[in-house]
């Protein structure tokens, strides 16, 4: 492409003045929903998972899903709640937490995203979705031990 002097634009990196990434949004919506679907699949015993059923069954607690981050996270939460999982969303913005609480009518738990809350919440999580996006930077490493 360089030899042919092709001009290429990574559309997912186009950012508006308000900081939004409008062309990344549709991909993030799909990624968030698929993260729960794929996670549920790999929780199955035949796949080497723990056998947790995210939605639970009568008499058995549902699986816990911890989600960190953005548009992907919102869509992951939507899918996990649809499966009737216990959902915890970690967020750095209090206004975003209020928005999520209102959007999902209190059906999920929102917590300030910090190392203390994250390490406490992931201890009993069946599935963790890390979807933090910092435009132009590598994704941060939020979980430091297994």
Those residues of segment 83-97 which are in contact with a helix residue (DSSP H, G or I) (Cβ under 6 Å, 6 or more places away or on another chain) and without any contact (Cβ under 8 Å) to a residue 24 or more places away in the chain amount to 87, 89, 91
Only listed residue being farther than 28 Å from residue 15 by Cα and free of Cβ contacts under 8 Å to residues at least 40 places away in the same chain, chosen from 108, 118, 100, 127:
108
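Answer yes or no as to whether residue 48 is at pLDDT 95 or above, surrounded by fewer than 17 Cβ atoms within 10 Å (Cβ to Cβ) and closer than 20 Å to residue 99 by Cβ. Break it down stepwise before answering.
On the way: at pLDDT 95 or above: yes; surrounded by fewer than 17 Cβ atoms within 10 Å (Cβ to Cβ): yes; closer than 20 Å to residue 99 by Cβ: no.
Considered against the rule, which asks whether it is at pLDDT 95 or above, surrounded by fewer than 17 Cβ atoms within 10 Å (Cβ to Cβ) and closer than 20 Å to residue 99 by Cβ, residue 48 comes out as no.
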When you scan segment 13-36, how many residues do you find that are part of a helix (DSSP H, G or I), surrounded by 14 or more Cβ atoms within 10 Å (Cβ to Cβ) and out of contact with any helix residue (DSSP H, G or I) (no Cβ under 6 Å at 6 or more places or on another chain)?
2
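Can you tell me which residue is surrounded by the fewest Cβ atoms within 10 Å (Cβ to Cβ) among those in segment 130-146 that are part of a loop (DSSP other than H, G, I, E, B) and touching a residue at least 60 places away in the same chain (Cβ under 8 Å)? So that I can check it myself, show each step before the final result.
We begin by selecting, within segment 130-146, every residue part of a loop (DSSP other than H, G, I, E, B); these are 131-146.
Next, only the ones that are touching a residue at least 60 places away in the same chain (Cβ under 8 Å) stay: 131-133, 135-136, 142.
Details: 131: 19, 132: 17, 133: 16, 135: 11, 136: 7, 142: 16.
Ranking the candidates gives 136 first.
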Select from segment 52-88 the residues that are in contact with a strand residue (DSSP E or B) (Cβ under 6 Å, 6 or more places away or on another chain) and assigned to a helix (DSSP H, G or I) and write down the one among them that is farthest from residue 27 (Cα to Cα).
81
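Examine segment 17-27 for a residue that is closer than 22 Å to residue 123 by Cβ and in contact (Cβ under 8 Å) with a residue 40 or more places away in the chain, and state whether such a residue exists.
Among the residues of segment 17-27, not one is closer than 22 Å to residue 123 by Cβ and in contact (Cβ under 8 Å) with a residue 40 or more places away in the chain, which makes the answer no.
The values are calculated or read from the model by the stated rules, or taken from the named source; none is laboratory data. From a predicted model like this one, the values you see are computed outputs, not experimental measurements. FYI the Cβ positions are ideal-geometry reconstructions off the backbone, even for glycines, and counts take in every protein chain you see.
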